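Visitor: Here it is: the structure, laid out below.
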Amino acid sequence: MKTRLGCLSNKSDSCSDFSEFLPPQERSTRYLKLSNDEVTRWAESFDALLSNKYGMTAFRTFLKTEFSDENIEFWLACEDYKKIKSSAKMMSKANKIYKEFIDVHAPREVNIDHRTREETKQKLLEPTSNSLNEVQAKVYSLMEKDSFPRFIRSKIYQDLLNRTQMHCQRKSV
């Protein structure tokens, strides 16, 4: 995690190089640069942040610092779940998601109300591609209203924004 945060800290000379945040299979282009416009757009909407792989990575890093990365991990697991076509795979993935994120004793339990938890449990007895939609929407809303504004105010985001602005200014001089 230190390596990942190093790119965003004041000690880094190349904060606009985001490749070290990416999984090894996506690092084929070593010097992936972020534009100031791109980073600025993240603050405009939560969807803009999540739809950008570098924004997603920065947000995940931020959530890890707050010990609440289970929310984004759950949301991503739900996105993968929706793509499953096979009912056997759907059942398996639904059970895995339930045990990891929804169950009261889940190791990465997301913060949801009892009613939603119970309704989701019932829906997952015979899972469909929509079975997790309600709980996913609640977690999304929680991140959008709670974590996202803190991310935009965070040192991680502000440093990244400042560094892309400085990088852009240096290029225009």
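Visitor: Give me the one-decimal nm value for the distance between modelled label points at Thr128 and Lys64, 7 Å along each residue's Cα-to-Cβ direction.
Guide: Calculated label separation equals 3.8 nm.
Visitor: A further question on this structure: Between Glu38 and Arg150, what FRET efficiency comes out of the Förster formula 1/(1 + (r/R0)^6) with R0 = 22 Å and r the beta carbon distance, rounded to 0.05?
Guide: E(calc), rounded to 0.05, equals 0.60.
Visitor: To the nearest 0.05, how large is the calculated FRET efficiency for Asp113 and Ser92 if R₀ is 35 Å and r is the Cβ-Cβ distance?
Guide: 0.85
Visitor: Over 30 Å between Cα atoms: which of Lys33/Lys138; Lys82/Lys145; Lys93/Lys155; Lys53/Lys99; Lys89/Lys145; Lys83/Lys138 fall into that group?
Guide: Pairs exceeding the cut-off: Lys33/Lys138; Lys93/Lys155; Lys89/Lys145.
Visitor: Considering only protein heavy atoms, what per residue accessible area in square angstrom results for segment 38-173 with a 1.4 angstrom probe?
Guide: Result: 55 Å² of accessible area for each residue.
Visitor: For Lys138 and Met166, what is the calculated FRET efficiency with R₀ set at 41 Å and r taken between the beta-carbons, to the nearest 0.05?
Guide: FRET efficiency, Lys138 to Met166: 0.60.
The values are calculated or read from the model by the stated rules, or taken from the named source; none is laboratory data. A quick note: this is a predicted structure, and the numbers were derived from the prediction, not measured. Counting neighbours? That spans all protein chains shown, and the Cβs are built from the backbone with ideal geometry, glycine included. Remember, those area values only see protein heavy atoms, side chains included, never the ligands or the DNA or RNA. Shrake-Rupley method; radii C 1.70, N 1.55, O 1.52, S 1.80 Å.
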